[in-house]
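Here is the structure we will look at, set down as structure tokens.
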Amino acid sequence: MPIDGDQEDMPQLDDVTPQDKKAFKTAVMTMLAGAALLTYLAVIDQSPLADSEGNLASVTAPIFGMIVPLIFLFFVVPGIVHGFVAKTFTNSQDVIKAMSTAMEGMAYYIVMAFFCALFIKAFGDSQLGTLLSVKGATFLASLELSGGVTMVGIVFLVAFINLFVGSSSAKWALISPILVPMLMQLGYSPDLTQAAYRVGDSSSNIITPLLPYFPLIVLYCQRYVKSTGIGTLVSMMLPYSIALLVIWSIFLVLYWTLGIPLGFGSSYAYPAAG
């Protein structure tokens, strides 16, 4: 496909200045210092990050409840340091403005979360979730499908639904009240169900126009090829989407077959053995 975009609209790569190099090194050192502090707090005797038995790899360990704020701090602190050293930030207002700009992409999810909350409340009061779970579990059991086939089916189902509901969190809020209890009745853990969900959801993101960032991707493509549209992007990305769907499904089944843990404290069966 020939490139016919305006050169002025294309991203410009500026030369890296000594100030940029200094800012990068300072930010990296800040992140390494934070990692060293976290490691020290994790390995010391009576670590405040471990559970009562001194185990870090336990779902009851405080570090599990700190994962989100830790990720936030590991990115925001070096980012702020980089901004001030590189002179991108001059005061706290610049930091707030940068954060506000980054959060604009969450507007779609916030709107969807509001309506999902209403749906979940009405769905719970109607008891339809319980009915569908029981009937669905009975139907799946009658098919006598192997576990691998069932999970691959869930993967493809989620990939299809993803074409109509772009938000990952909103989609999980819609279908988890049905899928999770239904598969639990068949002996599959919620951990395995969510892993299958993530495989299907991530594989078809790039080919659904309802993806919040899809218009932005089209816009970036139009910088290089003016005729780029939704169809152009979908047709280009479809082979990659199918390849990801197949390869990640195989990975999931292999993990399950070989008994490789999905994560700390996770299991494949419900109830978990031991």
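The values are calculated or read from the model by the stated rules, or taken from the named source; none is laboratory data. All values derive from a computational prediction rather than experimental measurement. For neighbour counting, all protein chains shown are included, and Cβ atoms are generated from backbone atoms with ideal geometry for every residue, glycine included.
Descriptive notes on the structure:
- Under the condition of being without any contact (Cβ under 8 Å) to a residue 12 or more places away in the chain and either of a type in the set (S, T, N, Q) or surrounded by 10 or more Cβ atoms within 10 Å (Cβ to Cβ) (or both), the residues counted in the stretch 256-271 number 2.
- Only a single item in (1) in a helix (DSSP H, G or I); (2) modelled with pLDDT under 90; (3) of a type in the set (V, I, T) is not met by I3, and it is number (1).
- Among residues of the stretch 148-164, those that are surrounded by fewer than 19 Cβ atoms within 10 Å (Cβ to Cβ) and either not in a helix (DSSP H, G or I) or not assigned by TED's automatic domain parsing to the domain that holds P190 (or both), counted: 2
Here's the yes/no breakdown for (1) of a type outside the set (V, I, T); (2) within 18 Å of L245 (Cα to Cα); (3) in the same structural domain as T257 (by TED's automatic domain parsing):
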{"residue": "D201", "(1), (2), (3)": "yes, yes, yes"}
{"residue": "I217", "(1), (2), (3)": "no, no, yes"}
{"residue": "Y220", "(1), (2), (3)": "yes, no, yes"}
{"residue": "V225", "(1), (2), (3)": "no, no, yes"}
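- Verdict on F24 being more than 28 Å from S169 (Cα to Cα), in a helix (DSSP H, G or I), at pLDDT 85 or above and among the aromatic types (F, W, Y): yes
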